[in-house]
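Engineer: Quick one: this structure, given as structure tokens, is what I'll be asking you about.
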Amino acid sequence: MTSLASARRVVIKVGSALLVDWDSGSADHAWLTAFTADVARLRARGQQVLVVSSGSIALGRRRLGLGARRLSLPEKQASAAAGQSLLMHAWEQAFAPHGVTTAQILLTRDDTEIRRRWLNARATVDALLELGVTPIVNENDTVVTEEIRYGDNDRLAARVAQMIGADLLVLLSDIDGLYTADPRRDPNARHLPVVAELTPEIEAMGGGANAGDGVGTGGMATKIMAARIAGGAGCATLVTLGRRPAPLQAVEAGERATVFEPHTTPAAAYKQWIAGSLAPQGVLVVDAGAVVALRAGKSLLPAGVRAVEGRFGKGDAVLIRDADGREIARGLARYDAGEADRIKGLRSDGVEAALGYFAGAPLIHADDLALARG
Ligand code: GLU
């Protein structure tokens with residue numbers, strides 16, 4: 001079972017209610033100082049951490065003097081624009097004493113749903129994590145309209161976890177997990193430490209509990225939705241109380257949390273998605289050497305490609321066949337069909353000369369390949 005101690009890549013969602021002191025309307029530096037120490041502890045153990053942080057609208061509305069009234073969408077977007085820089089500043093200041101470098105990433109729903117765009121975003125986040133940076137992600141509220149926005153960062157965090165193959169998603173909440181009923185109203189409510197299966201009964205428990213969140217947007221229902229998205233991608237979800245100085249340490253010391261267990265691993269879920277859910281848009285016919293390399297877990301290089309069929313774009317799924325027409329694998333192309341045709345048979349050093357730019361050596365990276373059975 002994935003736990004806080006064993007996870008390799010952890011996405012932690014921090015809501016506005018934790019980060020913004022509602023009375024003053026500014027960032028809660030005391031909480032941030034303690035929380036960043038908690039995150040630094042995970043990093044010191046070699047774990048990669050990405051933070052999904054809300055708070056831009058809550059900080060910005062105060063900065064713009066908009067008070068506590070209901071905001072129109074343009075006012076929310078203006079608040080996000082004014083607040084996002086305050087939010088980043090607060091994170092930078094809090095992480096700096098721990099020697100942790102942060103980087104801002106603002107995403108829209110398209111960035112997590114359109115394959116070509118998320119491949120790009122994934123490459124950037126991967127690079128940051130490999131460089132030891134802690135990315136701070138938020139929705140790009142300033143440019144998204146109501147119809148196309150996530151609106152809540154629980155689901156955004158789940159999509160990010162899916163995108164980067166995280167094995168643990170932590171949702172810091174105003175309650176220490178999932179209860180059979182709202183514990184503030186029902187004395188018989190029972191806490192559930194582990195959810196092995198997201199049954200309709202479990203979904204129904206999201207109803208009343210955790211509804212009293214005044215600053216952020218998500219309640220327990222969106223947390224369960226997030227757990228479903230993450231679980232489908234092989235990522236466990238942990239929900240716990242955020243309003244304490246070191247919530248991660250508290251959970252490791254045995255404080256209450258609910259863990260939603262996935263039924264697969266991130267790598268297996270990703271390969272299955274490539275193999276089963278995407279309609280291939282083209283075919284790459286490869287030579288015998290490439291077949292051996294692919295079966296040994298290597299990437300597909302242009303040198304091994306003999307023919308390119310179909311019209312596919314960057315990020316589309318393609319079939320890989322041998323010269324006899326047998327399916328060897330499926331994968332996501334890093335070049336479109338026209339480019340693939342121009343670089344087929346070329347050694348990697350010839351690719352840049354042929355295209356005038358370089359997008360990395362493999363035509364399909366090993367991470368984005370699912371081998372056919374047999
Ligand atoms: N993206 C919004 C913000 O930064 C918050 C969304 C949420 O609260 O989940 O204010």
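The values are calculated or read from the model by the stated rules, or taken from the named source; none is laboratory data. What you see is a predicted model, and the numbers here were worked out from it, not measured in a lab. Because the Cβ atoms are built from the backbone with ideal geometry, glycine has one as well, and the counts that use them run over all protein chains shown. The protein model used for the area step is the full one, side chains on, heavy atoms only, and it has no ligands, DNA or RNA in it. Shrake-Rupley method; radii C 1.70, N 1.55, O 1.52, S 1.80 Å.
Engineer: For I175, all conditions in the list (1) within 22 Å of G234 (Cα to Cα); (2) crowded, with 23+ Cβ neighbours inside 10 Å; (3) touching a Leu at 6+ places or on another chain (Cβ under 7 Å) hold save one; what is the number of the exception?
Structural biologist: (1)
So that you can scan it fast, the table gives a plain yes or no per residue for (1) more than 11 Å from the ligand (Cβ to nearest atom); (2) touching a Lys or Arg at 6+ places or on another chain (Cβ under 9 Å); (3) at pLDDT below 95; (4) open to solvent by 50 Å² or more (accessible area, probe 1.4 Å):
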| position | (1), (2), (3), (4) |
| --- | --- |
| Q77 | no, no, yes, no |
| A94 | yes, no, no, no |
| E130 | yes, no, yes, yes |
| T145 | yes, no, yes, yes |
| V170 | yes, yes, no, no |
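Engineer: Next question, about the same structure. Being in a helix (DSSP H, G or I), more than 15 Å from the ligand (Cβ to nearest atom) and surrounded by fewer than 18 Cβ atoms within 10 Å (Cβ to Cβ) is true for just one of A181, A123. Which residue is that?
Structural biologist: A123
Engineer: Something else now. Could you list, in sequence order, the residues of the range 47-58 that are at pLDDT 95 or above and either aliphatic (A, V, I, L, M) or more than 12 Å from the ligand (Cβ to nearest atom) (or both)?
Structural biologist: Within the range 47-58, Q47, Q48, V49, L50, V51, V52 qualify.
Engineer: If you don't mind, another one. Which of the following residues is polar (S, T, N, Q), open to solvent by 40 Å² or more (accessible area, probe 1.4 Å) and under 20 Å from L248 (Cβ atoms): T33, T102?
Structural biologist: T33
Engineer: Additional query: When the range 1-14 is examined, which residues are found to be open to solvent by 10 Å² or more (accessible area, probe 1.4 Å) and within 16 Å of the ligand (Cβ to nearest atom)?
Structural biologist: Across the range 1-14, the qualifying residue is only K13.
Engineer: For the range 302-354, give me the residue count where each residue is within 28 Å of the chain's Cα centre (by Cα) and surrounded by 21 or more Cβ atoms within 10 Å (Cβ to Cβ).
Structural biologist: Looking only at that region, the number is 10.
Engineer: Suppose we keep only residues that are over 21 Å from R311 (Cβ atoms) and without any contact (Cβ under 8 Å) to a residue 12 or more places away in the chain within the range 274-296. Which one would you say is least open to solvent (accessible area, probe 1.4 Å)?
Structural biologist: A293
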